[in-house]
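Inspection log for the structure reproduced underneath, given as structure tokens.
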Amino acid sequence: MQQTKEMADANLRLQQERTERKQAYLFAILILSTLFLIVGGFLYFIRMQRQTHRILKKAAKIKEEFFTNITHEFRTPLTVILGMTHDLQRNSDDAVRNKANAIERQGNALLSLINQLLDISKVQSAVGNLKWENGDITAYLAMLAESWEDYASRRGITLTFHASDNVTMDFIPDYIDKVVNNLLSNAFKFTPDDGEVTISAEKAGETLAIDVADTGTGMDRETLKHVFEPFYQGENSSAQTGSGVGLALVKQIMDSVGGTVTVESSEGKGTVFHLRLPIHNRSTLKSRSWTIAEAPIVSEPETTLTDKEEKGKDCHILIMEDNSDIASYIGGHLEQDYSVHYATNGRDGMKKARDIVPELIITDIMMPEMDGLEVCRQIRDDIVTDHIPIIVVSAKTSEEERVRGLEAGADAYLAKPFNSEELLMRVNKLLERNRLMRERFRNLIDIDNAEDDEKDTVEKKIERMYGDDLPDVNDAERQFLERVTKVSDRLLDDHRLDVTTLADKLCMSPRQLYRKLGVVTGSSPTIYIQKFKIQRACHLLRSKPNMSIETIAIRCGFEHATNFYNFFKKTYGITPMEYRRGDDGEAEE
């Protein structure tokens, strides 16, 4: 009995051991399977990461090759263009030389933009392939500053470089060259003659601090928010604007080398760019001397714009364009037939528009101080200028931009590059419309050459002048004429109708009134007032048959009846009494 019990216990223990071993085997298999999956997943991740890296490197290489090739394709025609401009500049004709200079300036600007776009592409594509050198970076910065000294001297700008210590570190000379030259180019561009530009370098712990400061025009807060964005152009007070690529390239380079770039600026006081580079000395390539491969890219002075107002050219055209070469190109097609005025920003353009009251305005959209759309809106909201036709010329070619321009008040919208013949056609059509409108208005208020059988229509003409049936003018011109008529009526009743008082009541200067009234009606304010007085007399002679000639003369602003009699007969060829009897067909020329 005891033996049987022991056998049963032994069998139970054996069964338990077998169960435990089986569980251990299953647990080990589970662990091994899990480890195998983890290792396999990790190896697959590494493989995919390497494959992705290869794909990215291949894409970056293709992108860089594309930009390199397309840059070469751009450089080829530019080489021919710039080469031929040098030949043209040897021409004895001043006009040809000036045009060749403008072509060279714009060609160099395009070449600079192409180079910067290629540089951005290279920086983005240089994954782990940066050519670091170890050397004295302060000596390299001093060389860069020295290369700008001649240009600074010609401009009368004080250029100063200061380094507190000699700093030996790893850096990429080509990147430092592009960053510093871009910042200096901006500093000189926006710093007036006799200003100051300063470069300073100082070691701060394990960081090199480089500051580029100027005493230029500065930037507003909105521009500061977007200054490193590609192709962003702020509303700077200077008329000189760039492509918006240079500072984006600076940001790309600083990010690629683990550095930072920040900016401080105040309008009218200047700008400071702060560069911060980590100091490390790991490169095995030791450099003791360098040469500056390229001269600094400096924008050549643009064409000086001069208003051209000549006797005999009574039609004035105002061109608002911040690029003086483009403005000169447009003006060159118009100066032969018109008096041409220029403004390099929207704010100055609005002042000139109010002062000269031109027959036509041509404006760009992207301008400093005030853009072209705001110019259009302000012109349409100003009683002095609301009648002026506007042609917008812009590099923004989308349908949305075109609609925005027309909604702002433009009469025509041309995309850059534009056809000069189309521009001239638009100018001539708009000016011809104004001329026909003035002729219709002049015919409406003039009865100097009226025939006998038309005498009975004189009153109808006068009523149309005072009523709603005005000539074929736009709403702004119609409102202006109605306002002039109403103000003239009140002033004539008060015996105060003269050019100075009329201009004052219309919130204009006499010059502005002269220009606007001439554009809308074809008559000077003096002639308009004379006609207004005589037409009031015609109206009273017809509508008030019992009113004496002396009373009518006084009510129409004539001090003496004799003056009224002589002026009336000189104007119409008949006496006031003969005109009054004209209802019965008895008036004679």
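The values are calculated or read from the model by the stated rules, or taken from the named source; none is laboratory data. What you see is a predicted model, and the numbers here were worked out from it, not measured in a lab. So basically every Cβ, Gly included, is an ideal-geometry build from the backbone, and we count neighbours across all protein chains shown. These area figures cover heavy atoms from the full protein model, side chains too; ligands, DNA and RNA do not enter into them. Shrake-Rupley method; radii C 1.70, N 1.55, O 1.52, S 1.80 Å.
For segment 250-288, filtering for residues that are open to solvent by 20 Å² or more (accessible area, probe 1.4 Å) and within 18 Å of LEU224 (Cα to Cα) leaves 13. The condition of being at pLDDT below 90 and either open to solvent by less than 10 Å² (accessible area, probe 1.4 Å) or at negative phi (or both) holds for LYS178. Set side by side, the residues ARG377, ARG404 differ, and just one is among the charged types (D, E, K, R) and modelled with pLDDT of 90 or more, which is ARG377. Would you please name the residue that is modelled with the lowest pLDDT, looking only at residues in segment 316-342 that are of a type outside the set (Phe, Trp, Tyr) and open to solvent by 30 Å² or more (accessible area, probe 1.4 Å)? Of everything passing the filter in segment 316-342, ASN323 is modelled with the lowest pLDDT.
Could you say whether any residue in segment 372-394 is part of a loop (DSSP other than H, G, I, E, B), under 11 Å from the mean Cα position of the chain (by Cα) and not hydrophobic (A, V, I, L, M, F, W, C)?
Keep residues of segment 372-394 that are part of a loop (DSSP other than H, G, I, E, B), which gives 382-389.
Adding the requirement that they be under 11 Å from the mean Cα position of the chain (by Cα) leaves none.
No - not one qualifying residue is present in segment 372-394.
Among helices (runs of 4 or more DSSP H) entirely within segment 489-589, having at least 2 residues that are within 23 Å of VAL357 (Cα to Cα) and touching a residue at least 24 places away in the same chain (Cβ under 8 Å) singles out 499-505, 510-521, 525-543. Reported count of residues in segment 343-366, each being more than 29 Å from GLU104 (Cβ to Cβ) and open to solvent by less than 40 Å² (accessible area, probe 1.4 Å), is 8.
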